[in-house]
Ligand code: GLP
């Protein structure tokens with residue numbers, strides 16, 4: 001595992017964006033896995049700068065495909081905090097990705113179990129994910145794979161941990177509006193990506209980062225699957241690295 005510790009939270013975004021830009025420069029139709037949450041926002045902002053028209057050595061995302069990690073179950077179509085809306089707002093629009101090439105699990109499907117299985121197939125049909133960007137929850141979750149998730153799990157419906165619902169309540173008008181269920185890529189699905197890139201900032205993530213990097217491989221800390229991966233990179237600021 002490659003670990004890069006930066007001086008500031010903004011630098012995490014710059015370093016991660018440069019790694020992603022390198023993937024897209026070497027393959028214009030790269031398939032990227034994208035994460036929601038606040039951790040990758042600085043990365044997306046930097047990628048938007050690198051892809052802006054007129055930029056020297058511009059990165060062109062027009063042929064790139066993206067697959068989101070997860071989605072809430074049961075939010076109405078178009079809900080601004082659905083991950084479909086977040087991916088559109090934070091990634092697809094600013095980077096100039098073709099909306100037809102942006103994929104998010106269908107959390108409003110009549111049969112969410114079938115939608116989850118179809119999502120795994122769609123990733124496979126796209127040729128697999130070249131680079132999967134990840135954030136991490138305070139309890140060590142990646143995607144919405146909460147502690148005790150099977151290390152070989154595939155995309156499926158899961159129940160959110162109370163701590164995750166509390167952490168994500170800030171995006172909703174009231175805590176009871178946070179959905180209880182989600183569809184998430186499984187830990188096995190995530191591990192199939194040819195490259196993993198985890199970003200984290202702030203002291204709130206220090207405990208999870210220490211367990212992911214230095215702790216034993218354990219479903220108690222789902223992010224520890226990075227230890228199994230042949231090409232995993234962690235980019236964190238000094239505060240997130242303070243437990244190492
Ligand atoms: C969310 C997402 C994860 C994300 C994590 C951390 O619930 N499902 O993909 O990595 O929690 O979020 P944040 O980056 O806002 O701390």
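The values are calculated or read from the model by the stated rules, or taken from the named source; none is laboratory data. Note that the structure is predicted; figures quoted are calculated from it, not measured. FYI the Cβ positions are ideal-geometry reconstructions off the backbone, even for glycines, and counts take in every protein chain you see.
With respect to residue 220, determine if the residue is farther than 24 Å from residue 31 by Cβ, in contact with a helix residue (DSSP H, G or I) (Cβ under 9 Å, 6 or more places away or on another chain) and within 13 Å of the ligand (Cβ to nearest atom).
No, not satisfied.
Do the conditions hold for residue 222, that is, is it surrounded by 19 or more Cβ atoms within 10 Å (Cβ to Cβ) and modelled with pLDDT of 95 or more? Show your work before the answer.
Values: surrounded by 19 or more Cβ atoms within 10 Å (Cβ to Cβ): yes; modelled with pLDDT of 95 or more: yes.
Considered against the rule, which asks whether it is surrounded by 19 or more Cβ atoms within 10 Å (Cβ to Cβ) and modelled with pLDDT of 95 or more, residue 222 comes out as yes.
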Exactly one of (1) touching a residue at least 24 places away in the same chain (Cβ under 8 Å); (2) more than 16 Å from the ligand (Cβ to nearest atom); (3) over 19 Å from residue 157 (Cα atoms) is unmet by residue 45. Its number? (2)
Taking residue 110 as meeting all but one of (1) more than 16 Å from the ligand (Cβ to nearest atom); (2) assigned to a helix (DSSP H, G or I); (3) without any contact (Cβ under 8 Å) to a residue 24 or more places away in the chain, write down the number of the exception. (2)
Could you please give the count of residues in the range 138-160 that are touching a residue at least 24 places away in the same chain (Cβ under 8 Å), more than 10 Å from the ligand (Cβ to nearest atom) and in contact with a strand residue (DSSP E or B) (Cβ under 8 Å, 6 or more places away or on another chain)? 6
Take residue 87 and tell me if it is touching a strand residue (DSSP E or B) at 6+ places or on another chain (Cβ under 9 Å), touching a residue at least 40 places away in the same chain (Cβ under 8 Å), farther than 20 Å from residue 196 by Cα and within 16 Å of the ligand (Cβ to nearest atom). no
Applying the selection to the range 127-137, what residues are under 14 Å from the mean Cα position of the chain (by Cα), surrounded by fewer than 24 Cβ atoms within 10 Å (Cβ to Cβ) and more than 9 Å from the ligand (Cβ to nearest atom)? 130, 131
Restricting to the range 184-210, give me the number of residues that are in a helix (DSSP H, G or I) and more than 11 Å from residue 241 (Cα to Cα). 5
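Can you tell me which residue in the range 20-40 is farthest from residue 101 (Cα to Cα), limited to those that are surrounded by fewer than 18 Cβ atoms within 10 Å (Cβ to Cβ) and in contact (Cβ under 8 Å) with a residue 40 or more places away in the chain? Before you say what the answer is, go through the steps one by one.
Of all residues in the range 20-40, those surrounded by fewer than 18 Cβ atoms within 10 Å (Cβ to Cβ) come to 22, 25-29, 38.
Add one more test, that the residue is in contact (Cβ under 8 Å) with a residue 40 or more places away in the chain, and what stays is 27, 38.
Numbers: 27: 15, 38: 23 Å.
My answer is 38.
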Condition first: within 30 Å of residue 156 (Cβ to Cβ), touching a residue at least 12 places away in the same chain (Cβ under 8 Å), surrounded by 13 or more Cβ atoms within 10 Å (Cβ to Cβ) and within 14 Å of the chain's Cα centre (by Cα). Can you find one or more residues in the range 6-13 that meet it? no
